[in-house]
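Trainee: Handing you this structure, nothing more for now.
Just so it is clear, none of the values below were taken in a lab; they were calculated from the coordinates. It should be emphasised that the depicted structure is a prediction, and the values quoted were computed from it without experimental measurement. Cβ: placed from backbone, ideal geometry, glycine included. Neighbour counts: every protein chain shown.
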Amino acid sequence: MTTVLLLLAGLTMLLLGGASLVRGASGIAEAPGISPLVVGLTVVAFGTSLPEFVTSIIAAMRKEADLCVGNVIGSNIFNILLVLPISALVYPLSIPEHGTTDIIATLLFAAVLIPVLIMRGQIMNRTVGRVFLGAYLLYMYLRITG
């Protein structure tokens, strides 16, 4: 019974937190000169990815590489193949201006990551992590300023 109550409390907090995140992000996006797409790519992406981020950091600290990588890849597959289509069933989604740029960038990052991991014996070390973090920061800078 306690487990069910905790589950219901967690789901309730998740719904309230999600609604709050959308309200806050919408408020930021209404500020002059701030694109809703940029808010989605930064504020909302960070807010929704925070659980995966924390889980991956803890898994990495515990040397559970499979859990860390599986968490990130599984989350992305789940979002692309379940969350996005269900959202489109609720309300039709249009691809925002420059949205295809983000999709292509995602594919390019994945296309680069796979050979890098294969050539490095399937190890993503600190150097590769720094390169990808730098690429992300550069991409976000270009998206925000462009």
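Trainee: Based only on Cα atoms, what Rg/Rh ratio does the range 103-146 have, Rh being taken as Kirkwood's radius?
Mentor: My calculation of the ratio gives 1.04.
Trainee: How long is the gain from LEU16 to LEU50 if the chain were fully straight, where each residue apart is worth 0.36 nm and the alpha carbon distance is subtracted?
Mentor: 10.6 nm
Trainee: OK, next. So if R0 is 35 Å, what FRET efficiency would LEU8 and MET61 give, r being the distance between their Cβ atoms, rounded to the nearest 0.05?
Mentor: 0.70
Trainee: Listed highest first by mean packing, meaning other Cβ atoms within 10 Å per residue, what order do 126-138, 36-48, 2-14 come in?
Mentor: Top to bottom by mean Cβ count within 10 Å: 36-48, 126-138, 2-14.
Trainee: Between ALA110 and ILE77, what is 0.36 nm times their sequence separation minus the Cα-Cα distance? Round to one decimal in nm.
Mentor: Extra length available between ALA110 and ILE77 comes to 10.6 nm.
Trainee: Please work out the FRET efficiency for the pair THR127 and ILE103, using the Cβ-Cβ distance as r and a Förster radius of 35 Å; give the result to the nearest 0.05.
Mentor: Efficiency computed from Cβ-Cβ geometry: 0.80.
Trainee: Work out how much length ILE95 to GLU30 would gain on full extension: take 0.36 nm times their residue separation and subtract the Cα-Cα distance, in nm to one decimal. Kindly include the intermediate steps, with their values, before the conclusion.
Mentor: Values: separation 65, 0.36 × 65 = 23.40 nm, distance 1.89 nm.
Taking ILE95 through GLU30 to full extension adds about 21.5 nm, to one decimal.
Trainee: Name the residue from MET13, ALA31, SER75 whose Cα lies farthest towards the positive end of the charge dipole of the chain, charges +1 on Cβ of Lys and Arg and -1 on Cβ of Asp and Glu.
Mentor: Value: SER75.
Trainee: Moving to a separate point now. If you bin every alpha carbon distance in the chain into 5 Å steps from zero, what whole percent lands in each bin?
Mentor: 2, 7, 11, 19, 21, 17, 11, 8, 4, 1, 0
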